[in-house]
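Working notes, beginning with the structure itself.
The values are calculated or read from the model by the stated rules, or taken from the named source; none is laboratory data. What you see is a predicted model, and the numbers here were worked out from it, not measured in a lab. Counting neighbours? That spans all protein chains shown, and the Cβs are built from the backbone with ideal geometry, glycine included. In case anyone asks, the SASA skips ligands and DNA or RNA and just uses the protein heavy atoms, side chains included. Shrake-Rupley method; radii C 1.70, N 1.55, O 1.52, S 1.80 Å.
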Amino acid sequence: MTSPVNDVGALLVVGDVRTMDPARPRAGAVGIRGDRIVALGSVDEVRRELGRGRVVEHDAGGFVLPGFVDSHVHVLWAGRAQERVGLDDATSIAEIGHRLLAHDARHPGTGWIEAEAGFDPGDLAEGRLPTATDLDAAVPHRPVLLDRKGHDAIVNTAGLQAAGIDATTPDPPGGRIEHTRDGRPTGLLVEHPAADLARAAIGEPDDARRAGWIETGTRLLRGHGFTGVMDPAVGPGELAAYAAAARSGRLATRVVVMPLGDDHLDDAALQAAVRRSGVAGADPGRLRVGPTKLFLDGGGSLGTAWRSTPWPGTDGYTGNRTLSVEALRTHCRSAAAAGRGVGIHAVGDAAVDLVLDALEEVDRRTPVAGLGFHLIHAYLEPSARAMRRTASLGVALSAHPALWWNAGASVVDRLGEAVAARSNPLRSWIDAGVLVGGGSDGPGPPLSALHGMWQARTRRIRGSEHPVGPGEAITAEEALALFTTRAAAVAGLDGLGRLRVGGPADLAVTDVDPLGPAGPLPGGRVLATVTAGALHVP
Ligand SMILES: [Zn+2]
């Protein structure tokens with residue numbers, strides 16, 4: 001149920017209010033008129049302030065918090081995932097086959113079957129990823145693509161054929177087509193440049209379909225109490241879909257989009273695409289253009305992050321760099337010169353160091369602090385020196401406890417628990433003086449901010465009964481700030497993340513106290529969300 005309060009007069013939200021405003025940290029009620037907070041105080045004070053006339057009262061008996069903010073969640077992908085075969089929680093290759101077969105029976109045809117495949121080899125009974133041959137055993141007659149966390153892809157033989165990949169296809173720069181010992185493609189396409197060969201064969205969905213995914217994604221996030229989110233990889237075609245969704249009032253949260261650049265799309269071309277899309281003027285209260293997004297390396301659980309030391313069990317392989325150093329430099333230089341920022345996906349320590357080299361060079365000409373520049377992930381053993389350099393540049397970090405919870409087990413398998421204990425070191429990042437904003441990196445990892453706060457406080461990872469690197473845990477106050485004030489600062493959503501008279505009327509009401517014990521947080525529920533004054537009760 002959603003009721004825009006503009007239609008009903010004023011809204012009074014009663015509960016245990018945590019404002020995140022040091023000047024008035026607690027209250028008993030929030031008064032809202034239009035899209036603004038007009039009163040904060042005891043229930044009687046706020047009621048008096050709102051005066052007579054129609055006042056809708058919402059008292060769910062919960063904790064009233066600033067609307068949650070996620071500085072890194074793939075909104076469009078989250079909506080799209082609802083249409084795909086869900087394999088994230090599959091426990092064996094046989095089960096993957098059954099689910100694909102069941103989908104094929106429900107949706108017969110000859111077109112591609114796409115699936116979300118967030119599992120790691122250790123999650124499957126066979127201890128390895130499926131191959132094209134495994135997928136053929138279930139679905140041989142139409143192409144199948146398993147999407148590995150937006151990075152890698154696994155396709156069946158029909159998929160390899162549709163993508164035009166055979167034993168003679170060369171690896172594209174930054175990507176790898178995995179082969180069997182006798183030279184045939186296994187079906188695994190490592191990193192964007194290789195996976196894109198198959199994604200291109202699927203073709204581009206139209207704006208209406210994409211706008212539907214965006215609407216679904218924002219509704220999902222609103223259900224988790226988010227009122228502001230940053231979608232961190234929006235291609236030129238997707239920008240237009242965002243503009244369409246905003247114009248037709250279908251964004252259930254405020255969204256900041258990060259236009260995706262790469263080696264082939266420089267800053268000028270990317271900004272031209274932004275202008276053409278109409279995204280900037282579609283609905284400025286709901287939709288904004290944020291920093292450019294660049295992918296520099298792979299992932300920790302994928303074993304493709306770019307490290308200073310080789311991945312164990314490989315022949316000196318240090319990971320995949322998916323962007324040229326020149327493109328990294330020119331994107332950052334052009335954006336800074338125009339007063340804009342860039343968010344750079346950099347997981348491994350070598351990738352993080354390369355970003356800092358590039359930004360220090362840009363900073364000598366144009367100071368980068370305050371422009372929206374931020375590291376994305378930076379979780380795999382960043383050095384103390386890298387943290388100091390990040391702080392002194394005034395560059396932020398978008399950090400993702402839910403991603404780390406999800407990927408941690410695979411990193412333990414690949415690199416050992418001592419490395420995992422030093423990874424995603426939020427305590428050290430914050431102590432170094434870096435602005436750290438939270439996010440989930442969903443879909444795949446849980447979208448819930450409460451789950452993210454719990455992970456950041458407990459350092460638990462999926463499948464483990466003990467904290468991994470408890471010295472890197474942060475406090476309850478810091479964890480709440482991660483998904484309110486700090487995420488808002490990283491996303492450039494001024495005024496969000498804090499409840500203040502005169503500020504935006506964005507609230508989340510929960511049945512657990514984020515400032516109480518951590519244990520109940522993952523099971524906590526969001527009872528209501530208020531976005532720009534509109535009350536939504538799930
Ligand atoms: Zn991401």
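Of all residues assigned to the range 247-255, at least one qualifies as being out of contact with any strand residue (DSSP E or B) (no Cβ under 7 Å at 6 or more places or on another chain), assigned to a helix (DSSP H, G or I) and away from the ligand (no atom under 16 Å from the Cβ). For the condition more than 18 Å from THR186 (Cβ to Cβ), away from the ligand (no atom under 16 Å from the Cβ) and over 27 Å from the mean Cα position of the chain (by Cα), what is the one hit in ALA158, ALA162, ALA94? Matching residue, one of ALA158, ALA162, ALA94: ALA94. The single condition from (1) open to solvent by less than 10 Å² (accessible area, probe 1.4 Å); (2) away from the ligand (no atom under 16 Å from the Cβ); (3) not charged (D, E, K, R) that ALA240 fails is (1).
Residue count for the range 481-538 under the criterion of being open to solvent by 10 Å² or more (accessible area, probe 1.4 Å), more than 24 Å from ASP231 (Cβ to Cβ) and β-branched (Val, Ile, Thr): the result is 3. Considering LEU197, LEU221, LEU239, the condition of being in contact (Cβ under 8 Å) with a residue 60 or more places away in the chain and outside the structural domain of LEU450 (by TED's automatic domain parsing) is satisfied by LEU221 alone.
When the range 358-392 is examined, which residues are found to be within 16 Å of the ligand (Cβ to nearest atom), over 21 Å from ALA327 (Cβ atoms) and aliphatic (A, V, I, L, M)? Please lay out each step first, then the result.
Quick first cut of the range 358-392, residues within 16 Å of the ligand (Cβ to nearest atom) only: 374-380.
Of the ones still in play, those that are also over 21 Å from ALA327 (Cβ atoms) are 379-380.
Matches in the range 358-392: LEU380 only.
Residues that are assigned to a loop (DSSP other than H, G, I, E, B) and within 16 Å of the ligand (Cβ to nearest atom): does the range 449-467 have at least one? No: the range 449-467 contains no residue that is assigned to a loop (DSSP other than H, G, I, E, B) and within 16 Å of the ligand (Cβ to nearest atom). Applying the condition of being surrounded by fewer than 17 Cβ atoms within 10 Å (Cβ to Cβ) and not in a loop (DSSP other than H, G, I, E, B) to the range 297-327 and asking which residue is nearest to the chain's Cα centre (by Cα) yields VAL325.
In the list HIS58, HIS103, HIS74, which residue meets the criterion of being open to solvent by less than 40 Å² (accessible area, probe 1.4 Å), without any contact (Cβ under 8 Å) to a residue 24 or more places away in the chain and not basic (Lys, Arg)?
On the way: HIS58 fails: without any contact (Cβ under 8 Å) to a residue 24 or more places away in the chain; HIS74 fails: without any contact (Cβ under 8 Å) to a residue 24 or more places away in the chain.
That would be HIS103, the only listed residue that is open to solvent by less than 40 Å² (accessible area, probe 1.4 Å), without any contact (Cβ under 8 Å) to a residue 24 or more places away in the chain and not basic (Lys, Arg).
Do you know which residues across the range 77-90 are under 21 Å from HIS451 (Cα atoms), of a type outside the set (A, V, I, L, M, F, W, C), open to solvent by 20 Å² or more (accessible area, probe 1.4 Å) and within 16 Å of the ligand (Cβ to nearest atom)? Selection gives ASP88 alone.
For the range 328-354, a residue qualifies if it is open to solvent by 10 Å² or more (accessible area, probe 1.4 Å) and either assigned to a helix (DSSP H, G or I) or within 16 Å of the ligand (Cβ to nearest atom) (or both), and the qualifying residues are ARG329, THR330, ARG333, SER334, ALA337, ASP349, ALA350, ASP353, LEU354. Residue-level check: of (1) assigned to a helix (DSSP H, G or I); (2) touching a Pro at 6+ places or on another chain (Cβ under 8 Å), MET258 misses just (1). Residue pairs whose Cβ atoms lie under 8 Å apart, separated by 6 or more positions or on different chains, with the first residue in the range 144-158 and over 12 Å from THR304 (Cβ atoms) and the second within 13 Å of the ligand (Cβ to nearest atom), are GLY150/HIS74; GLY150/TRP77; GLY150/ALA233; ALA153/ASP147; ILE154/ARG148. Residues in the range 422-452 that are open to solvent by 30 Å² or more (accessible area, probe 1.4 Å) and over 20 Å from PHE373 (Cα atoms) were compared, and the one that is modelled with the lowest pLDDT is GLY444. The residues of the range 374-391 that are among the small types (Gly, Ala, Ser) and either in a helix (DSSP H, G or I) or surrounded by 24 or more Cβ atoms within 10 Å (Cβ to Cβ) (or both), listed by number, are ALA378, ALA384, ALA386, ALA391.
Using the structure shown, decide if ARG222 is open to solvent by 50 Å² or more (accessible area, probe 1.4 Å) and either outside any loop (DSSP other than H, G, I, E, B) or within 16 Å of the ligand (Cβ to nearest atom) (or both). Spelling it out, it is not the case that ARG222 is open to solvent by 50 Å² or more (accessible area, probe 1.4 Å) and either outside any loop (DSSP other than H, G, I, E, B) or within 16 Å of the ligand (Cβ to nearest atom) (or both).
Every residue, every condition in (1) touching a Phe, Trp or Tyr at 6+ places or on another chain (Cβ under 9 Å); (2) within 16 Å of the ligand (Cβ to nearest atom); (3) touching a residue at least 24 places away in the same chain (Cβ under 8 Å); (4) among the small types (Gly, Ala, Ser), yes or no:
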position: ALA399; (1), (2), (3), (4): yes, yes, yes, yes
position: ASN406; (1), (2), (3), (4): no, yes, yes, no
position: GLU417; (1), (2), (3), (4): no, no, yes, no
position: ASN424; (1), (2), (3), (4): yes, yes, yes, no
position: GLY438; (1), (2), (3), (4): yes, yes, yes, yes
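Yes or no: GLY122 small (Gly, Ala, Ser), open to solvent by less than 40 Å² (accessible area, probe 1.4 Å) and either under 25 Å from ALA78 (Cα atoms) or more than 16 Å from the ligand (Cβ to nearest atom) (or both)? For GLY122, the condition - small (Gly, Ala, Ser), open to solvent by less than 40 Å² (accessible area, probe 1.4 Å) and either under 25 Å from ALA78 (Cα atoms) or more than 16 Å from the ligand (Cβ to nearest atom) (or both) - is not met. Screening PRO232 against (1) surrounded by fewer than 20 Cβ atoms within 10 Å (Cβ to Cβ); (2) within 16 Å of the ligand (Cβ to nearest atom) leaves a single unmet condition, (1). Residues that are within 21 Å of ASP120 (Cβ to Cβ), open to solvent by 20 Å² or more (accessible area, probe 1.4 Å) and either away from the ligand (no atom under 16 Å from the Cβ) or among the hydrophobic types (A, V, I, L, M, F, W, C) (or both) occur in the range 166-177; there is at least one.
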